Amino acid sequence: MNWNWDHVDEFMPLFWDGLELTLKALLFGSLIAFSLGLVWAVAQRSAKKWIRWPVTVVTEFIRNTPLLVQLFFLFYVVPEWGPSMSPLTTGIVGLGLHYSTYTSEVYRAGIEGVPAGQWEAATALSLSKRRTWTSVILPQAVRRVIPALGNYVIVMLKESPQMAAIGALDMLGQAQNYSQTTFTFEAISVVGVAFIVIAYPASLLLRVLERRLVR
């Protein structure tokens, strides 16, 4: 097979559309995953069983269910009883919800890594629980886990093509549609290179960040 630059030029407008959708899903999905993951992590440390146990059950269920199944459920089943969402919104919610259960474990490890003396110092200073969490524990815990959270952003980037199953055409979804109608391979190749160009520098940046935070 010979490389045809005309096919590349023809595909590029679709590629940019797919890239924009991918980056939107990655940005907002990450925000949901990071925020909700922290809520899960703190709730699982609650002394109240009626908070801790339901949160544990929900997070375990989501973590052990395939992302694709969750996307189908949000897009096709939820509208039967609640509001319907666009393919992109569904993809963002699905990615964020799914990976919030993984980031919760990252936060949990960070919280447990805070020295016991920090908890004792907060108690000695008569700090409230809220003040202890917001001023003492979380600043230290979150700093420790930033590289690990960044790794999940890369994972979410790699998982974003699953949104095409519900009609949210990311880079790969656009390439598949184009390739199926033109019987060419250039579009898939361009997308493969794009994933490498985005993911590899990001992984190098995370390594640098991790070394600096460990100091």
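State whether the residues of region 120-134 include one that is part of a helix (DSSP H, G or I), under 26 Å from Leu38 (Cβ atoms) and open to solvent by less than 40 Å² (accessible area, probe 1.4 Å).
yes
From (1) open to solvent by 60 Å² or more (accessible area, probe 1.4 Å); (2) without any contact (Cβ under 8 Å) to a residue 60 or more places away in the chain, pick out the condition that doesn't hold for Gly82.
All conditions pass for Gly82, except number (1).
Residues checked against (1) part of a loop (DSSP other than H, G, I, E, B); (2) basic (Lys, Arg); (3) at pLDDT 95 or above:
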| site | (1), (2), (3) |
| --- | --- |
| Ala33 | no, no, yes |
| Arg45 | yes, yes, no |
| Trp50 | no, no, no |
| Val69 | no, no, yes |
| Pro83 | yes, no, no |
| Thr90 | no, no, yes |
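To keep it simple, each residue is scored yes or no on (1) of a type in the set (Phe, Trp, Tyr); (2) surrounded by 18 or more Cβ atoms within 10 Å (Cβ to Cβ); (3) within 13 Å of the chain's Cα centre (by Cα).
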{"site": "Leu19", "(1), (2), (3)": "no, no, no"}
{"site": "Phe34", "(1), (2), (3)": "yes, yes, yes"}
{"site": "Gln44", "(1), (2), (3)": "no, yes, no"}
{"site": "Gln70", "(1), (2), (3)": "no, yes, no"}
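I need every pair where a residue in region 109-121 that is touching a residue at least 12 places away in the same chain (Cβ under 8 Å) has its Cβ under 6 Å from the Cβ of a residue that is of a type in the set (Lys, Arg), sequence separation at least 6 or different chains.
Gly110/Arg144; Gly113/Arg144
Residue-by-condition table, conditions (1) part of a helix (DSSP H, G or I); (2) open to solvent by less than 30 Å² (accessible area, probe 1.4 Å); (3) closer than 24 Å to Phe72 by Cα; (4) aliphatic (A, V, I, L, M):
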residue: Gly117; (1), (2), (3), (4): yes, no, no, no
residue: Gln140; (1), (2), (3), (4): yes, no, no, no
residue: Ile146; (1), (2), (3), (4): yes, no, no, yes
residue: Val153; (1), (2), (3), (4): yes, no, yes, yes
residue: Tyr178; (1), (2), (3), (4): yes, yes, yes, no
residue: Thr184; (1), (2), (3), (4): no, yes, no, no
residue: Val193; (1), (2), (3), (4): yes, no, no, yes
residue: Ile198; (1), (2), (3), (4): yes, no, no, yes
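The values are calculated or read from the model by the stated rules, or taken from the named source; none is laboratory data. Note that the structure is a prediction, hence the values are computed from the model and not measured. All Cβ positions, glycine included, derive from the backbone under ideal geometry; neighbour counts span all protein chains shown. What goes into the accessible areas is simple: the full protein's heavy atoms, side chains included, and nothing from ligands, DNA or RNA. Shrake-Rupley method; radii C 1.70, N 1.55, O 1.52, S 1.80 Å.
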